[in-house]
Structure formats: C-alpha cells, structure tokens
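The values are calculated or read from the model by the stated rules, or taken from the named source; none is laboratory data. In this text, all values refer to a predicted model and were calculated from it rather than measured experimentally. Don't worry about glycine lacking a Cβ; one is built from the backbone with ideal geometry, like all the others, and counts go over all protein chains shown. Heads up: the accessible areas ignore ligands, DNA and RNA and are worked out on the full protein's heavy atoms, side chains in. Shrake-Rupley method; radii C 1.70, N 1.55, O 1.52, S 1.80 Å.
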Amino acid sequence: MSFNVVFFGPPAAGKGTQAKIIESKYGLKQLSTGDILRAEVAAQTDLGKQAKDIMDAGKLVSDDIVIGIIENAMAQASDAKGFIFDGFPRTQAQAKALDDMLAKTGQKIDIVLELKVADDAFLDRIKKRAEEEGRSDDTVDAMATRIAAYRSYSAEVLPYYQAQRDIVPVDGMQAVDDVTTQIEQALGKVQNLAA
Ligand code: ADP
C-alpha cells in the first residue's frame with residue numbers, strides 16, 4: 001500500500017522543514033526537485049551545469065530535466081511507502097507526467113496539501129535562510145522572480161489538481177509544531193498512515 005503526497009507552497013514557506021518531519025514519522029520519502037538540483041549543481045554534473053544559471057535567476061528548469069529527475073529518484077527509492085513531492089510538479093506537464101508515472105504501478109496522488117503563508121512572511125524567511133544557508137538563489141532579485149514564478153505556476157498546477165479533488169489548505173503562519181499537527185490531521189483523514 002503506497003501513499004503519495006504533493007506538498008505545494010511558496011518559496012521558503014517551510015515545505016522542506018515539514019516534509020522532513022513527515023518523512024521520518026511515516027516512512028515516506030521526500031523528493032525535492034530543488035534539493036536534487038542543488039546537489040547536481042554542487043557535484044558539477046552536466047545536468048547541474050545546465051540548471052545552475054536558470055536556478056540562480058529564479059526561473060523554472062525545463063520539464064524534461066525535472067521529470068527525468070523525479071523518475072530516477074522514484075526508481076531509486078522503490079522501497080519507500082510512498083513519496084512527498086516537494087517543489088514538484090510546477091507545470092501541468094509535470095503534473096500529468098507524475099500521474100502517468102504513478103499509474104504505471106497502480107499508484108496515485110492521495111492528497112495535495114497547500115501551505116499558505118503571507119507575502120511579507122516568506123520574504124522575511126528568505127532573508128533569514130539566505131544568512132543561514134547561503135543559497136545562491138536567495139537574493140532579492142531571484143526572490144522576486146521566484147515569487148512571480150510561484151504565482152504563475154500555482155495558477156497552472158492548482159487547477160489541475162482541483163479538477164481531480166479538494167486541495168487541503170495548511171496555515172503555514174503557525175509555529176512549526178502546529179503546522180505539523182495540521183498536516184498530520186489532514187493525512188489522518190485520508191488514511192491511517194501510522195497504522
Ligand atoms: P523555492 O524555495 O524557490 O521553492 P526550490 O528548492 O523548490 O526553491 O527550487 C529552487 C529552484 O530549482 C527553482 O527556482 C527552479 O529553478 C528549480 N526547480 C525546482 N523544482 C522545479 C520544478 N519542478 N520545475 C522547474 N524548476 C524547478
């Protein structure tokens with residue numbers, strides 16, 4: 001029995017933090033296209049070299065690249081109970097490709113969570129993260145592009161999922177533990193994962 005979660009939300013909203021907590025509690029595997037791409041950049045692979053400038057500018061990497069990344073990552077983690085997709089899909093083509101990949105093994109997306117954070121809050125979080133992690137795309141210019149990209153890709157991807165199901169809102173303005181509690185409640189309503 002597998003269980004697959006799409007975790008949607010603006011840059012620096014806390015998706016990664018929450019996905020890691022949920023991952024260890026439920027045996028799901030977090031797949032963050034952003035993390036995988038940053039690892040490719042750090043390792044200076046061909047793919048990383050192709051992606052670096054696009055990422056630094058805050059633009060979207062091509063569908064072919066990110067779909068390939070997800071396909072590989074899923075194949076490598078085939079023993080996971082399911083996946084938390086974080087930062088993917090960001091286009092309808094990616095969403096459709098994901099549905100098709102899962103369907104091949106009789107799986108589907110079981111829940112779509114949307115982490116909601118006020119605009120000024122994630123700008124503050126980005127500045128904090130820039131100081132802590134030194135990510136090369138946490139600059140003011142790239143941030144503006146990433147927020148604009150978020151608005152446009154959420155307007156593309158959310159309707160795709162809305163046509164299939166209800167999207168579950170999560171209030172990302174609360175403390176980390178309270179956000180986790182909301183997510184666990186939402187997951188519990190869909191399936192008793194802890195069982
Ligand atoms: P953010 O905090 O901006 O949401 P991510 O770590 O999710 O950061 O992504 C960082 C960058 O990696 C994005 O700005 C984009 O260039 C690239 N990227 C990540 N996931 C995708 C995707 N699904 N499609 C296209 N580009 C992606």
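Brief remarks follow.
- Pairs where the first residue, in the range 145-157, is over 14 Å from Met55 (Cα atoms) and the second is open to solvent by less than 20 Å² (accessible area, probe 1.4 Å) and assigned to a helix (DSSP H, G or I), C-beta under 7 Å, 6+ apart: Val157/Ala95
- Ile65 among the aliphatic types (A, V, I, L, M), touching a helix residue (DSSP H, G or I) at 6+ places or on another chain (Cβ under 8 Å) and away from the ligand (no atom under 14 Å from the Cβ): no
- Candidates Lys49, Lys20, filtered to the one that is within 30 Å of Met173 (Cβ to Cβ), among the basic types (Lys, Arg) and open to solvent by 50 Å² or more (accessible area, probe 1.4 Å): Lys20
- Flag if Ala75 is over 19 Å from Asp100 (Cβ atoms), more than 7 Å from the ligand (Cβ to nearest atom) and exposed (fewer than 15 other Cβ atoms within 10 Å of the Cβ): no
- With respect to the conditions (1) buried (at least 22 other Cβ atoms within 10 Å of the Cβ); (2) within 11 Å of the chain's Cα centre (by Cα), Ala95 lacks only one, and its number is (2).
- Extreme residue, farthest from Gln185 (Cα to Cα), among residues of the range 115-138 that are open to solvent by 30 Å² or more (accessible area, probe 1.4 Å) and touching a residue at least 12 places away in the same chain (Cβ under 8 Å): Ser136
- Residue satisfying condition, being away from the ligand (no atom under 12 Å from the Cβ) and part of a loop (DSSP other than H, G, I, E, B), within set Ala13, Ala80: Ala80
- In the range 144-195, the residues that are farther than 16 Å from Pro11 by Cα and assigned to a loop (DSSP other than H, G, I, E, B): Ala163, Gln164, Arg165, Asp166, Ile167, Gln174, Ala175, Gln191, Asn192, Leu193, Ala194, Ala195
- Filtering Val190, Val179 for residues that are touching a residue at least 24 places away in the same chain (Cβ under 8 Å) and surrounded by 18 or more Cβ atoms within 10 Å (Cβ to Cβ) leaves a single hit, Val179.
- Matching residues in the range 56-77 - criterion: being part of a helix (DSSP H, G or I) and either within 13 Å of the chain's Cα centre (by Cα) or not charged (D, E, K, R) (or both): Ala57, Ile65, Val66, Ile67, Gly68, Ile69, Ile70, Asn72, Ala73, Met74, Ala75, Gln76
- Of all the residues in the range 27-55, those that are assigned to a helix (DSSP H, G or I) and under 18 Å from Arg146 (Cβ atoms) number 12.
- In the set (1) touching a Leu at 6+ places or on another chain (Cβ under 6 Å); (2) within 9 Å of the ligand (Cβ to nearest atom), Phe7 fails one condition alone, (2).
- Restricting attention to the range 103-112, the residues being within 16 Å of the ligand (Cβ to nearest atom) and either farther than 19 Å from Ser152 by Cα or open to solvent by 20 Å² or more (accessible area, probe 1.4 Å) (or both) number 1.
- Restricting the range 113-143 to residues that are of a type in the set (A, V, I, L, M, F, W, C) and assigned to a loop (DSSP other than H, G, I, E, B), the residue that is nearest to the ligand (Cβ to nearest atom): Val117
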